[in-house]
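Values in this text are rule-based calculations from the coordinates and carry no lab data. On a predicted model such as this, the values are computed, not experimentally measured, just so you know. Backbone-built Cβ (ideal geometry, glycine too); neighbour counts: all protein chains shown.
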Amino acid sequence: MRAGGEDFEFEPADLVRAYIITKGRELPDEQQLSLITLVTATPEEGRRLNRLTPEEQRLLDICSAGYLSVAEVAGHTRLPLGVVRIVLASLTESGHLMTRPPVPRARNADKELLEEVLNGLHRKFG
Amino acid sequence: MGSTASSGDRRGLTTDAYVADGATQTAVKILVVGHFAVGKTTFIGSISEIEPLSTEETMTQAAEAVDDLKGVRGKTTTTVALDFGRLTLSDRVVLYLFGTPGQTRFVQMWEDMARGALGALILVDPERLADSFPVIDLIEQYGLDYAIAVNHFDGNPERAERALREALDLLDETPVVTCDARNEQSSAAALTTLVRYLLDRAS
Ligand SMILES: Nc1nc2c(ncn2[C@@H]2O[C@H](COP(=O)(O)OP(=O)(O)O)[C@@H](O)[C@H]2O)c(=O)[nH]1
Ligand SMILES: [Mg+2]
């Protein structure tokens, strides 16, 4: 964890590197790959047989043993969130990943979710 | 710094790192916000089931900077680190807590964070109340419901709470709880207060 400051300067070299990793692609749809969208690798049958970039392979590997949120993938790989989003979008497009976006907010769904959250907190912390 | 790949993930992640029952989970998030050094990271660390992680929000700014690189070189872009933690609450709901600093200039990040959040817990240091004004403004601007968790309470808590409500111009209904962010039970109680309030508002 970074000590002290909460923001810092991002070097141009990093930006160029980020651009290369993402092949200059556009940012993916924000809802589909939100911070808390859960992602996991698909079974191999459904995948397009394209060659993966090293970064794609690395992220796919991390997603192969279960579900992680987009934010967690970024946290574990220490790649900038924007880069992770783009690489994950590419992997989703080629059938390597599936995503579980959070449910859209709606009053009824909210109430049920909040009840579940509250009960869960009680179970966990008494 | 920060964005260079570490060997951390090469060893692979332990089973604990993954979301249990991921195939059935709905992910929700709550923001833990406040000014610098108010205790956000500490709070998340106290109750998260995973070692708190940190990530950087950069890409929108990076994309602009990439365009700039065609012309002007040597431009730097400011980015911001977010801390977050996770609480698996059942086989249906997994809660993420995002620690979000109060700087108003990170508009893109705030939009990302606020979108779809259930609500926000605003950590407040009564010795530095004015530092909390911008954060509270932002949370209200994004239309998020919130509760206030006060980190240190000296003297008479009741009088202190009244003064604090007045200083922060809080609605009567807005919950105010004291909280030691270093303590798991105390942090969990503050979070529970917020969720109960959110549930009241949703009913
Ligand atoms: N006394 C006391 N100290 C705290 C509390 N919460 C955090 N701290 C301390 O305040 C400092 C800043 O906390 P940190 O979590 O890094 O703040 P952040 O910048 O909001 O993430 C650390 O040294 C913590 O140990 C609290 O509730 N009570
Ligand atoms: Mg912090």
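Normalising by the residue count of region B:94-187, find the relative contact order in percent from Cα pairs under 8 Å and 6+ residues apart.
That works out to 26 percent.
Which whole number gives the average count of other chain Cβ atoms within 10 Å of the Cβ atoms across peptide B:185-198?
Taking the mean over all residues of the peptide, I get 3.
Test of understanding: ordering A:Asp110, B:Asp172 by Cβ neighbours within 10 Å, fewest first, what list do you get?
Least crowded to most crowded, the residues run B:Asp172, A:Asp110.
Of B:Glu166, B:Glu140, how do they rank once you tally other Cβ atoms within 10 Å and put the fewest first?
Lowest to highest Cβ neighbour count: B:Glu166, B:Glu140.
Starting at the first residue of region B:14-20, write each ³J(HN,Hα) from the Karplus equation 6.51 cos²θ - 1.76 cosθ + 1.60 with θ = phi - 60°, in whole Hz, x for Gly and Pro.
Computed from phi, the couplings for region B:14-20 are 6, 3, 4, 5, 8, 6, 5 Hz.
Quantify how strongly other chains surround peptide A:37-43 by giving the mean number of their Cβ atoms within 10 Å of each of its Cβ atoms.
Counting other chains' Cβ atoms within 10 Å and averaging over A:37-43 gives 2.
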